[in-house]
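A short worksheet on the structure shown next.
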Amino acid sequence: MSHDHESLIEPAVQFLTEPLIELKGVSKSFGRNLILNKVDLKIYPKQALGIIGPSGTGKSTILRIIAGLLPPDEGEVYIMGKKRTGWVDDLSDPIGIGMVFQNAALFDSLTVRENVGFLLDQHTRLSPTVIQQLVEKNLEMVGLKDISDRYPAELSGGMRKRVSFARAIMPNPENPADNPAVILYDEPTAGLDPIASTVVENLIRQLQQEGGGGGTYAIVTHVHSTIRSTADRVILLYQGQVQWSGTAAEIETTDSPIVQQFMSGSLNGPIQIVNA
């Protein structure tokens, strides 16, 4: 497939700082399926990056590699210019990276307080009182007061998403280096009704403005309103590679056939329909 390489260049706004996160030539396969094929990607401070594309094209895989949950088969990941060498339990990044999973990934047997404060309970010597105060503060940031004693099954889908946000932005007073400087959102509005989606979209921007996650995030989504509301810059992944890059506004005006097909849902275009 021929690419318009000019469209893959960074937008006109030039960032004066180095990228917080950079992927260089990252590839990942699962069995015989090549999911990512030598992907290059940069995320700059205070940037809101949207990652879009058809299902199965590696969007969630990229987030898991950035989060350190999944090692690439090839390529390198740099965090604040430092090459990452450890993965998962051996991670020693210079900044914290929080992740909000598609299904919220809350522990059903734990209360909201226990879910949001889980990492502090497990990995710090903070007193229960201090952790409770931090949990309540984060729950208030995401618009959820007085629910810390409830269990996930007692919450709506939108509320569960917001609880997972509160957990992802949890600071660690014992080790400020663990404080999340980047938040990764995996389909945060999938399965939500339009009103609940708007609440979550507004919250993502609000947390950015208030410094939650350091004001930098990457978001995987296929929901049009979420793309428009939460992304400043957008990349489209297809066949394991970045096929288009531009601003959120340019999505509406680009003559890129692949972007037009994805946004319109047309069956005709360069995206091949597989097992639809």
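Answer yes if at least one residue in the range 77-94 is in contact with a Lys or Arg (Cβ under 6 Å, 6 or more places away or on another chain), crowded, with 17+ Cβ neighbours inside 10 Å and under 16 Å from Ile219 (Cα atoms), and no otherwise. So far as the range 77-94 goes, no, none of its residues is in contact with a Lys or Arg (Cβ under 6 Å, 6 or more places away or on another chain), crowded, with 17+ Cβ neighbours inside 10 Å and under 16 Å from Ile219 (Cα atoms). Screening Arg113, Arg125 for residues that are more than 21 Å from Gln241 (Cβ to Cβ), assigned to a loop (DSSP other than H, G, I, E, B), among the charged types (D, E, K, R) and out of contact with any strand residue (DSSP E or B) (no Cβ under 9 Å at 6 or more places or on another chain) leaves exactly one candidate, Arg125.
This table checks each residue for (1) of a type outside the set (D, E, K, R); (2) within 28 Å of Met141 (Cα to Cα); (3) in contact (Cβ under 8 Å) with a residue 24 or more places away in the chain.
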position: Leu41; (1), (2), (3): yes, no, yes
position: Asp73; (1), (2), (3): no, no, yes
position: Val77; (1), (2), (3): yes, no, yes
position: Leu110; (1), (2), (3): yes, yes, yes
position: Phe118; (1), (2), (3): yes, yes, yes
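Say whether the condition of being among the aliphatic types (A, V, I, L, M), surrounded by 14 or more Cβ atoms within 10 Å (Cβ to Cβ), at pLDDT 90 or above and under 26 Å from Ile235 (Cβ atoms) is met by at least one residue in the range 57-64. Yes: one or more hits.
Only one of the numbered conditions (1) in a strand (DSSP E or B); (2) under 30 Å from Gln132 (Cα atoms) is not met by Gln208, and that is (1).
Per the conditions (1) modelled with pLDDT under 85; (2) within 21 Å of Arg113 (Cα to Cα), the sole criterion not satisfied by Val142 is (1).
Of the set (1) surrounded by fewer than 16 Cβ atoms within 10 Å (Cβ to Cβ); (2) in contact with a Leu (Cβ under 9 Å, 6 or more places away or on another chain); (3) among the hydroxyl-bearing types (Ser, Thr, Tyr), all apply to Ser127 but (2). Here Thr230, Thr198 are screened, and the one residue that is modelled with pLDDT of 90 or more, surrounded by fewer than 23 Cβ atoms within 10 Å (Cβ to Cβ) and of a type in the set (Ser, Thr, Tyr) is Thr198. Flag not set for Ile52, criterion: in contact with a Pro (Cβ under 7 Å, 6 or more places away or on another chain), under 23 Å from Leu207 (Cα atoms) and among the hydrophobic types (A, V, I, L, M, F, W, C).
Of all the criteria given as (1) assigned to a helix (DSSP H, G or I); (2) within 23 Å of Met170 (Cβ to Cβ); (3) within 13 Å of the chain's Cα centre (by Cα), the one not satisfied by Ile227 is (2). Within the set Leu106, Leu69, the sole residue that is touching a helix residue (DSSP H, G or I) at 6+ places or on another chain (Cβ under 9 Å), among the aliphatic types (A, V, I, L, M) and surrounded by fewer than 19 Cβ atoms within 10 Å (Cβ to Cβ) turns out to be Leu69. For the range 65-114, the set of residues classified as out of contact with any Asp or Glu (no Cβ under 6 Å at 6 or more places or on another chain) and at positive phi consists of Gly68, Gly75, Met80, Val88, Ala104, Ala105, listed by residue number.
The values are calculated or read from the model by the stated rules, or taken from the named source; none is laboratory data. All values reported here derive from a predicted model rather than from experimental measurement. Heads up, the Cβs are rebuilt from the backbone with ideal geometry, glycines too, and the neighbour counts pull from every protein chain shown.
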